[in-house]
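Written below as structure tokens is the structure these notes are about.
Just so it is clear, none of the values below were taken in a lab; they were calculated from the coordinates. Keep in mind that this is a model prediction, so the values were computed, not measured. Every residue, glycine as well, gets a Cβ built from its backbone with ideal geometry; the counts of neighbours run over all protein chains shown.
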């Protein structure tokens, strides 16, 4: 039996959503990438262009979450601009970051 990745409760394999917390049940691949602050914005833009990314989490070198970006298929420039501005500020404040990338398993 599978478990919900958010609340940890047991789920049957035919469930599409967790009946307890409402989280969509899907297989997600997670990858961590270490980047220097000056490469942060460029790397995140590249990840978004890939198309199979569902969430990007930016953490500092201590592991604290600085920014969490939900990525949807229809993400356009006007919606993306505030996230990129926030990434620019983060890049100015930290020297080293870790990007956690969640992708849908195909």
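Some observations on this one:
- Principal-axis analysis of the Cα atoms of the chain puts helix 40-50 at an angle of about 40° to the longest axis.
- Length, then width, then depth: along the principal axes, the Cα atoms of segment 27-104 run 30, 29, 17 Å.
- Extending 7 Å from Cα along the Cβ direction at residue 33 and again at residue 55 yields two label points whose distance is 1.8 nm.
- 222 nm mean residue ellipticity, helices alone, for the chain (DSSP H n ≥ 4; -39,500 (n - 2.57); rounded to 500): -8500 deg cm²/dmol
- With Cα atoms, 0 to 90° folded angle of helix 77-93 axis to the chain main axis: 60 degrees
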